[in-house]
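All remarks here apply to the structure that follows.
The values are calculated or read from the model by the stated rules, or taken from the named source; none is laboratory data. Quick caveat: nothing in here was measured; it's all calculated off a predicted structure. A quick note on method: Cβ atoms are made from the backbone with ideal geometry, for glycine too, and the neighbour counts reach across all protein chains shown.
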Amino acid sequence: MKTHIILLGPPGAGKGTQGQLIGEKLNIPFISSGDALREEFGGNTEIAEKFKKYINAGLLVPDDVVEEFIETLLDKYNLEKGFIFDGFPRTVHQAGFIMDYLKAKNIPLDVVLYLSIPDEEVVKRISGRRICPKCGAVYNIYFNPPKNDNLCDKCGAKLVQRDDDKENVVEKRIKVYEKETAPLIEFFKEKQLLKEIDAVGSVESVQYRIQEVLNG
Ligand code: AMP
């Protein structure tokens, strides 16, 4: 069973949704750099304002800053039995950093799951996305709506749309993904760690495909 996992894929591919499910099923920590950054910089301090600017504009937070942030974040977890990373690494530089971090701690990386979806699907998925600001659960008003109108099934909080999910920012995020993050597909393929998952379909069917790869 593969339990040391990185999720890769364009915005809207379902990394958060699938990652949370895997984390619950395998009882391993699901760690999302985007969630952690939003939480950390959700306040009104000067530094929060600076980082919100990158996030809300659909740009990446610079590598040196984000790597320091991720190192502090990862140090809080016990990663020995497994982990599932969502949202990082996001650049080739960050990938090198993560590989070094794991190696230094003697922690393996079993697989990189590349969730692939066609471009035209991305915008549709992101525009319908709503998140729970309290527990991080992810919904889609078209494909995976909450049971009660705009309220989180898990904790009852009112769902919100991320500022960077608004249409003009989405295009920028897709461009940034293609330039900065897509090269990681080759990076991990060369290391024979990459498994491509067809991420089109229901949450359950994609989850099934992932489980097959993890069990294999
Ligand atoms: P996400 O929730 O993964 O889509 O991340 C939302 C935003 O947070 C991104 O558009 C970036 O601005 C920032 N972010 C998250 N993870 C990273 C990362 N590994 N490197 C740089 N910026 C990041």
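The table that follows gives values for the structure above.
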| quantity | calculated |
| --- | --- |
| Qualifying residue in region 44-55 (condition: closer than 19 Å to M99 by Cβ, outside any loop (DSSP other than H, G, I, E, B), out of contact with any Cys (no Cβ under 7 Å at 6 or more places or on another chain) and near the ligand (Cβ under 8 Å from one of its atoms)) | no |
| Verdict on K166 being farther than 18 Å from A13 by Cβ, more than 19 Å from the chain's Cα centre (by Cα) and of a type outside the set (F, W, Y) | no |
| Enumerated strands (runs of 3 or more DSSP E) restricted to region 121-205, each holding at least 2 residues that are away from the ligand (no atom under 16 Å from the Cβ) and modelled with pLDDT of 90 or more | 194-198 |
| So I84, is it in contact with a strand residue (DSSP E or B) (Cβ under 6 Å, 6 or more places away or on another chain) and either among the aromatic types (F, W, Y) or at pLDDT 95 or above (or both) | yes |
| Pair list, Cβ under 7 Å, 6 or more apart: region 16-30 residue closer than 17 Å to L109 by Cα and of a type outside the set (D, E, K, R), other residue within 16 Å of the ligand (Cβ to nearest atom) and assigned to a helix (DSSP H, G or I) | P29/G23; F30/G19; F30/Q20; F30/G23 |
| Condition check for K81: part of a loop (DSSP other than H, G, I, E, B), surrounded by fewer than 17 Cβ atoms within 10 Å (Cβ to Cβ) and out of contact with any Phe, Trp or Tyr (no Cβ under 6 Å at 6 or more places or on another chain) | yes |
| Single residue of N168, N140 found to be surrounded by 12 or more Cβ atoms within 10 Å (Cβ to Cβ) and either under 30 Å from K53 (Cα atoms) or in contact with a Cys (Cβ under 7 Å, 6 or more places away or on another chain) (or both) | N140 |
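Table: residues versus (1) surrounded by 20 or more Cβ atoms within 10 Å (Cβ to Cβ); (2) more than 24 Å from I174 (Cα to Cα).
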| position | (1), (2) |
| --- | --- |
| T3 | no, yes |
| P11 | yes, no |
| G16 | yes, no |
| G23 | no, yes |
| L37 | yes, no |
| P62 | no, no |
| V66 | yes, no |
| D86 | yes, no |
| R90 | yes, no |
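Here's the yes/no breakdown for (1) in a strand (DSSP E or B); (2) touching a Ser or Thr at 6+ places or on another chain (Cβ under 9 Å); (3) more than 12 Å from the ligand (Cβ to nearest atom):
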| position | (1), (2), (3) |
| --- | --- |
| K2 | no, no, yes |
| I5 | yes, no, yes |
| P10 | no, yes, no |
| A13 | no, yes, no |
| G19 | no, yes, no |
| K25 | no, no, yes |
| I31 | yes, no, no |
| G34 | no, no, no |
| E39 | no, no, no |
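Rundown of residues vs (1) without any contact (Cβ under 8 Å) to a residue 24 or more places away in the chain; (2) within 10 Å of the ligand (Cβ to nearest atom); (3) touching a Gly at 6+ places or on another chain (Cβ under 7 Å); (4) within 23 Å of Q18 (Cα to Cα), yes/no style:
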residue: L59; (1), (2), (3), (4): no, yes, no, no
residue: V65; (1), (2), (3), (4): yes, yes, no, no
residue: I70; (1), (2), (3), (4): no, yes, no, yes
residue: L79; (1), (2), (3), (4): no, no, no, yes
residue: H93; (1), (2), (3), (4): no, yes, no, no
residue: Y101; (1), (2), (3), (4): no, no, no, no
residue: N106; (1), (2), (3), (4): yes, no, no, no
residue: V111; (1), (2), (3), (4): no, no, no, yes
residue: P118; (1), (2), (3), (4): no, no, no, yes
